[in-house]
Amino acid sequence: MKNTKDTMKVTLHPDWDEIEPLRLQAHDFFGSHGLSGNTIQSLVMVLGELLENSVKYGSYKVLNGQINISINITKKIITIEVTNPIDDSNLDDLKRLDQMIQWVRGYQDPFEAYIERLKEVAKKPLHDKESGLGIVRVAYEGDVILDFFVSEDNLLTVSAVLTR
Ligand SMILES: Nc1ncnc2c1ncn2[C@@H]1O[C@H](COP(=O)(O)OP(=O)(O)O)[C@@H](O)[C@H]1O
Ligand SMILES: [Mg+2]
């Protein structure tokens, strides 16, 4: 764990129980930078969604598989990055993630994308655990630009950038 004034870096085990304490820590970190209550709330929501995805979809068979979080605040932008290991079994996930992010970008108003997605999800059977709503909600409610990349050592990083 390394914290400077404008950067918060934390490593988590992929447990659901770890998410809430981290949300609180991030809340305090954003608060110490004088962000408005609304901004803090939506950034914490964004972080929570990305963390849930990491816990849910990451591949942790490798010993010491972990989730890394990095939050950086500058005058102009706030960046949240969440990194988790993936493996061959995640190919479909990466496709979905890519499709979802591209799809949101295709809308001028992310809210429109969200409504469209809600309609799609409403048509799906109830047992479908993958709603695909998280990413869309993050884009519109969090007002962030999403992106992702995969490193050579099979680490997926999803980033959310808010322009202040
Ligand atoms: N950290 C991640 N690692 C691997 N795949 C991911 C990750 N985050 C998202 N995905 C993929 O992108 C899809 C869309 O994510 P999301 O919109 O949050 O939907 P949901 O969490 O309801 O499945 C997921 O269903 C999953 O296939
Ligand atoms: Mg999700």
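For residue 154, the conditions (1) within 16 Å of residue 58 (Cβ to Cβ); (2) in contact with an Asp or Glu (Cβ under 7 Å, 6 or more places away or on another chain); (3) within 10 Å of ligand 1 (Cβ to nearest atom) all hold with the exception of (3). The helices (runs of 4 or more DSSP H) found wholly in the stretch 73-164 and carrying at least 3 residues that are within 13 Å of ligand 2 (Cβ to nearest atom) and at pLDDT 90 or above occupy 91-105.
Restrict the check to the stretch 94-108 and report whether at least one residue is under 18 Å from residue 44 (Cβ atoms) and within 12 Å of ligand 1 (Cβ to nearest atom). The answer is no; no qualifying residue exists.
Take the conditions part of a strand (DSSP E or B) and either under 21 Å from residue 137 (Cβ atoms) or polar (S, T, N, Q) (or both) and apply them to residue 19. Does it pass? No: the conditions fail for residue 19.
The values are calculated or read from the model by the stated rules, or taken from the named source; none is laboratory data. Since we're looking at a predicted model, the values are computed, not measured. Counting neighbours? That spans all protein chains shown, and the Cβs are built from the backbone with ideal geometry, glycine included.
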